[in-house]
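The values are calculated or read from the model by the stated rules, or taken from the named source; none is laboratory data. If you're wondering where the values come from, they're calculated on a predicted model, not measured in any experiment. Here Cβ is always computed from backbone atoms with ideal geometry, including for glycine, and neighbour counts include all displayed protein chains. Note: areas computed on protein heavy atoms with side chains; ligands, DNA, RNA excluded. Shrake-Rupley method; radii C 1.70, N 1.55, O 1.52, S 1.80 Å.
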Amino acid sequence: MPEKLRVVCPNCDATNAVPADRQPLSAQCGRCHEKLFKGVPAALDGARARKHIRNSDLPLIIDFWASWCGPCRAMAPIFEQAARTLEPQARFIKVDVDANPDIASEYGVQGIPALLVFKNGQVVTRQAGVTDLGTLRSWAERFGS
């Protein structure tokens, strides 16, 4: 296990080095001093999501969604529960495909909701459609540091 874990702040996008022996839930951003883990999905635009993908040692589970999408609305409370119960094993991120079509296209999102898991800057698994909390949990555990 690394001595420090790179964690990107969901508030200001600063990359933080969190010591492995520190309780992650108590960690605060060195720049903005907000908690690094709030137990809610981080709503990010394409540029911010790319920064998290490039700079995070955590697995990132990204929900590509749209407000008009019925299955996306069904997925939202499951995704919120996952963030509440599984952080800091993974970071949960939501990207609105209508506002950010470039990143959706970049990662080949053709249907929504689309869930992509990133580890070390690479897509390690993906799934289209609504999924359950057990699947999200298994991804966080399997790809966690």
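Numerical summary
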| quantity | calculated |
| --- | --- |
| Selection count where residues are of a type in the set (D, E, K, R), farther than 17 Å from residue 25 by Cβ and not in a helix (DSSP H, G or I), scope region 77-103 | 3 |
| Test: residue in region 63-77 that is of a type outside the set (Ser, Thr, Tyr), in contact with a strand residue (DSSP E or B) (Cβ under 9 Å, 6 or more places away or on another chain) and without any contact (Cβ under 8 Å) to a residue 24 or more places away in the chain | yes |
| Residue in region 62-84 that is at pLDDT below 95 and either open to solvent by less than 30 Å² (accessible area, probe 1.4 Å) or in contact with a helix residue (DSSP H, G or I) (Cβ under 6 Å, 6 or more places away or on another chain) (or both) present | no |
| Whichever residue in region 104-123 is within 15 Å of the chain's Cα centre (by Cα) and either outside any strand (DSSP E or B) or among the small types (Gly, Ala, Ser) (or both) and, among such residues, is farthest from residue 140 (Cα to Cα) | 104 |
| Pairs where the first residue, in region 45-59, is closer than 14 Å to residue 5 by Cβ and the second is open to solvent by 10 Å² or more (accessible area, probe 1.4 Å) and in a helix (DSSP H, G or I), C-beta under 8 Å, 6+ apart | 59/139; 59/143 |
